[in-house]
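The values are calculated or read from the model by the stated rules, or taken from the named source; none is laboratory data. Since this is a predicted model, take the numbers as computed values, not measurements. Heads up, the Cβs are rebuilt from the backbone with ideal geometry, glycines too, and the neighbour counts pull from every protein chain shown. Areas reflect the complete protein model, heavy atoms only, side chains present, ligands, DNA and RNA absent. Shrake-Rupley method; radii C 1.70, N 1.55, O 1.52, S 1.80 Å.
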Amino acid sequence: MTSPDSGSGLGALLGRARAALAEVPRESLGRERTSRWRAPRIVRAGSAWHIGVLLLGDDAVFATAEVLRAAAPVRRGYAAESARARAERRAEASRGGFRDGETVHVGWTAIDLDAVEAGGSSGPLALRDGVPSVRWSAAGGYMPLEAYLDERIALLRDGA
């Protein structure tokens, strides 16, 4: 994987983003765990800065997936099965050791920065006409990663 602070390419861009985010709180990464003896749970797997479609860790970048807030299981009626499923996912995070209300990212995938720098793509990142770019939504087009990071980091720092 490309060094986070190397040269003037993607690694340097991400290194500058990490430096700009130093004072901004991170959010938790979780992984699903199942066992024969315990109820399904989501356990802690690190932390990262949540920057739109990206999760920026100390030495890796991930594509976001499911975002939830941990909550202790409670018994109540639900109008929809989807509400019951969301409550169960929040309870899985609580059983895994997350505090009630703590934001947890689950199902994230690692982005291959070497593939992107070689001209390919990985997750929402791609090299477009030699410029590291990000696709900020499945239906959206690509925009330069530097502008995307600048905008998102400014929002995070203003809200911190």
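Summary of values
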read-out	value
The chain: angle of helix 10-20 to the longest principal axis, Cα-based, in degrees nearest 10	60
Protein accessible area in region 69-160, 1.4 Å probe - carbon and sulfur %	49
Selected from Arg84, Arg31, Arg69 as most flexible by GNM, with the chain as the system and alpha-carbon contacts under 10 Å	Arg84
In order through region 95-100: 3J(HN,Hα) via Karplus (6.51 cos²θ - 1.76 cosθ + 1.60), integer Hz, x for Gly, Pro	5, x, x, 7, 5, 4
Ala138 paired with Arg26, simple spin-label distance in nm, labels 7 Å along Cα-to-beta-carbon	2.9
Taking region 82-159 and dividing mean pair separation by its residue count, relative contact order in percent (alpha carbons under 8 Å, at least six apart)	12
Under-5 Å amide H pairs with Gly46, H placed in peptide plane, nonlocal only	Leu29
Hz values of 3J(HN,Hα) by residue in region 110-120 - Karplus curve (6.51, -1.76, 1.60), Gly and Pro given as x	5, 9, 7, 5, 5, 5, 5, 5, 7, x, x
Segment Ala87-Glu151, length gained on full extension (0.36 nm per residue, minus Cα span)	19.8 nm
Relative contact order (percent, whole number), the chain, Cα cutoff 8 Å, 6+ residue spacing	23
GNM flexibility winner over the chain from Glu92, Glu27, Glu81 (Cα, springs under 10 Å)	Glu81
Estimated translational D of region 1-147 in µm²/s (Stokes, Kirkwood radius over Cα pairs; 10 °C; 1.306 mPa s)	95
Theoretical gain in end-to-end length, Val43 to Ala72 [0.36 nm per residue, Cα-Cα removed]	9.0 nm
Sites excluded, chymotrypsin sites (Phe, Trp or Tyr not before Pro) in DSSP loops with at most 11 other C-beta within 10 Å, longest stretch of the chain	79-160
Selected from Gly123, Gly77, Gly107 as most flexible by GNM, with the chain as the system and alpha-carbon contacts under 10 Å	Gly77
Built amide H within the under 5 Å cut-off of Gly96, gap 5+	Ile42
